[in-house]
Amino acid sequence: MAARVERLVTSGTFSLDGGTWEVDNNVWIVGDDSEAIVIDAAHDADAIAEALGGRRLLAIVCTHAHNDHIDAAPALADRTGAPILLHLDDRILWKQTHADRDPDGDLADGTVLSVAGTELRSLHTPGHSPGGVCLYAPDLGTVFTGDTLFCGGPGATGRSFSDFPTIVRSIRDRLLTLPPDTVVRTGHGDPTSIGAEAPELDAWIARGH
């Protein structure tokens, strides 16, 4: 059976720089009836495990280490035995949430993950955070962007460890080069496409951002 994409929405809080906000997060599951990977284990390990059913979990992939994207990762890893993968540049943020538990592996630029006959390639896209990554699955015509790109533009860059020119450069160089019909599956909210987001992003780039 071919790989498919499933979305689970979980709810909790995002905390950084002394503030806390209620958030809904997209947890993405990619796989078939026998195996899967989870992208961004947010808030509720029990709900994620229930959505996985009896499938073997190959990896827990973190697009970045803000607490709302990683808070359920250790519990899910303990429950399933799956490794947690995170870009090294986001370890400083990881430690703010999980001081006593390290990720199990580095999600470097160009890392290829295979699940259910489908490959996902890691694209390092800093800006929202230093170690932010997107996962591109060409066979599925989709890219999982975490908080790098949303329906309506780039992710937020107004807090610690973020930078607006860097995120725009990441989107320009790593995401706008993908086919226009590539579905963008975001960390929060509704999906979009590269083609739908390109005009406004091109305008920002042309203005020198």
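Each value in this text was obtained by applying a stated rule to the coordinates, not by laboratory testing. Values in this document were obtained by computation on a predicted structure and should not be read as measured data. Every residue, glycine as well, gets a Cβ built from its backbone with ideal geometry; the counts of neighbours run over all protein chains shown.
Sorting check: for 126-132, 170-176, which peptide has the highest mean count of neighbouring beta carbons within 10 Å, and how do the rest follow?
126-132, 170-176
In this simple spin-label approximation, residue 121 and residue 24 carry label points 7 Å from Cα along the Cα→Cβ vector, and these lie 3.3 nm apart.
Evaluated with a Cβ-only charge set (Lys, Arg +1; Asp, Glu -1), the range 4-206 carries a dipole of roughly 260 debye about its Cα centre, given to the nearest 20.
Taking label points 7 Å from Cα along the Cα-to-Cβ direction, residue 96 and residue 9 give a separation of 2.6 nm. Given their separation in residues at 0.36 nm each and the Cα-Cα distance between them, residue 106 and residue 34 gain 23.4 nm when the chain is fully extended. For the chain, averaging the sequence separation of C-alpha pairs within contact (under 8 Å, six or more residues apart) and dividing by the residue count gives a relative contact order of 15 percent.
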